[in-house]
1. Under the condition of being among the aliphatic types (A, V, I, L, M) and farther than 15 Å from T49 by Cβ, which residue from the stretch 59-80 is modelled with the highest pLDDT?
2. Need the failing condition index for T30 against (1) within 16 Å of Q147 (Cα to Cα); (2) modelled with pLDDT under 90; (3) surrounded by 19 or more Cβ atoms within 10 Å (Cβ to Cβ), just the number.
3. I'm told C254 meets every condition in (1) open to solvent by less than 60 Å² (accessible area, probe 1.4 Å); (2) modelled with pLDDT of 95 or more except one. Can you identify the failing condition by its number?
4. For N249, which of the numbered conditions (1) touching a strand residue (DSSP E or B) at 6+ places or on another chain (Cβ under 9 Å); (2) open to solvent by less than 40 Å² (accessible area, probe 1.4 Å); (3) more than 29 Å from L335 (Cα to Cα) fails to hold?
5. Within the group A259, A224, A242, which residue is open to solvent by less than 10 Å² (accessible area, probe 1.4 Å) and in contact (Cβ under 8 Å) with a residue 60 or more places away in the chain?
6. Tell me yes or no: at least one residue of the stretch 188-196 is touching a residue at least 24 places away in the same chain (Cβ under 8 Å) and open to solvent by 80 Å² or more (accessible area, probe 1.4 Å).
7. Among the numbered conditions (1) assigned to a loop (DSSP other than H, G, I, E, B); (2) of a type in the set (A, V, I, L, M); (3) touching a helix residue (DSSP H, G or I) at 6+ places or on another chain (Cβ under 6 Å); (4) at pLDDT 85 or above, tell me where L166 comes up short.
8. Taking the stretch 237-264, which residues are in contact with a Ser or Thr (Cβ under 8 Å, 6 or more places away or on another chain) and not in a strand (DSSP E or B)?
Amino acid sequence: MLASTLKIDRSEVLVVSGSHLSEGEDSVKTSEYKILVVDDQPVVRKTLTICLNNLGIKKVLEAENGKKAKELVAFDEFDVIFCDLNMPVEDGFEVLMFLGTMKFPGAVIIISSEEQEILASTSNLARFYDLNIIGCVEKPITFKVVQNIIEGIEALPTLKRTETQLFELPEDELVKYLEAQKIEAYFQPQVDLASRKMKGVEILARISDDQGSLIPPDSFIPTAERSPSIILDLTKNVIDKALKEISENYDSFCDLTYAFNISGKVLENNDFPNWLCRTVDKYGIPHENIICELTETAISSSPTIVDTQMLRLRIMKFKLSIDDFGTGYSSIAKLHTIPFNEIKIDKEFVFNCLTNIKSAAIVEQSIAMGKALGM
């Protein structure tokens, strides 16, 4: 039995299992959605509106071009937006950029008569604006397609009209939290889909503020990354706390791997591999169970030093994982240089692999390459 103090991060496990936590009163019922249909063709707008009305959604507004859509969005709140790409006056790309600028929190569905490859590429582009792209559908749109889209939105985590904006924790406040030992180690289960058994855990950093609420990593990791001493201190703090809890619950953890995110800024510290070795030995954890996951922040002004440090970790029998494979630092050339044990395919490829043939090809070939390399 795990100690009651062990902190579990279930966010990814919910995705794997296909279920989501309900947020009760905060949810917006489908019948209460306010939807905007943006298309230059009256028959398309009318067809979509009728389909939505038949699904019990009565609050449906229409816009015949991007300019009109932007005006409506600027003065009203919408839960879902259907947006055409090719329109006069201002096209759908203008609308997507505008929604990204205003940080639109609702769902977006791209509709177009363009070929599927263009739709998929547009969806990928729109995600760079941090938009919640639910899907891309080709014209003509049928009632069944609209019904499937709305059912898909219902299956998502709670859709809210407002979104809490992440703030970036000032450096002096982060230092205070570190000094007060407010950094906590959370455990995110990694599940083998074939056996449906937990195969490992990834350790994630969280901060518990003075009110007992958790500050997410997006709010403090960027701050820490700007200071080599702070990110090193934070990383060591999380690793030490996690290994201590693992050693206290080792009967439950002995068959698992333990993955830690390691920034390139941390690897620039010459003593870090030796520190990790001493700390792991202090808690009696086998080196082979530790996975050092090189994050995208492994991009460094001293890549040779980072590569050297990774080789030191491998010589010490720690395992190496490369995160966000297929983007930035995480390239095929790096796999050729460093003996990684594991690759983590970038999530954008995985999210789209069932609807985008290019994403599917990248995922399939990455898996095949990983197997060929013995990963």
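1. V73
2. (3)
3. (2)
4. (1)
5. Only one candidate qualifies: A259.
6. The answer is yes, given that some residue of the stretch 188-196 is touching a residue at least 24 places away in the same chain (Cβ under 8 Å) and open to solvent by 80 Å² or more (accessible area, probe 1.4 Å).
7. So the condition that L166 fails would be (4).
8. Scanning the stretch 237-264 gives I239, D240, L243, E245, S263, G264.
The values are calculated or read from the model by the stated rules, or taken from the named source; none is laboratory data. Computed from a predicted model, the values in this text were never measured in an experiment. As a convention, Cβ positions derive from the backbone with ideal geometry for all residues, glycine included, and neighbour counts pool all protein chains shown. Areas reflect the complete protein model, heavy atoms only, side chains present, ligands, DNA and RNA absent. Shrake-Rupley method; radii C 1.70, N 1.55, O 1.52, S 1.80 Å.
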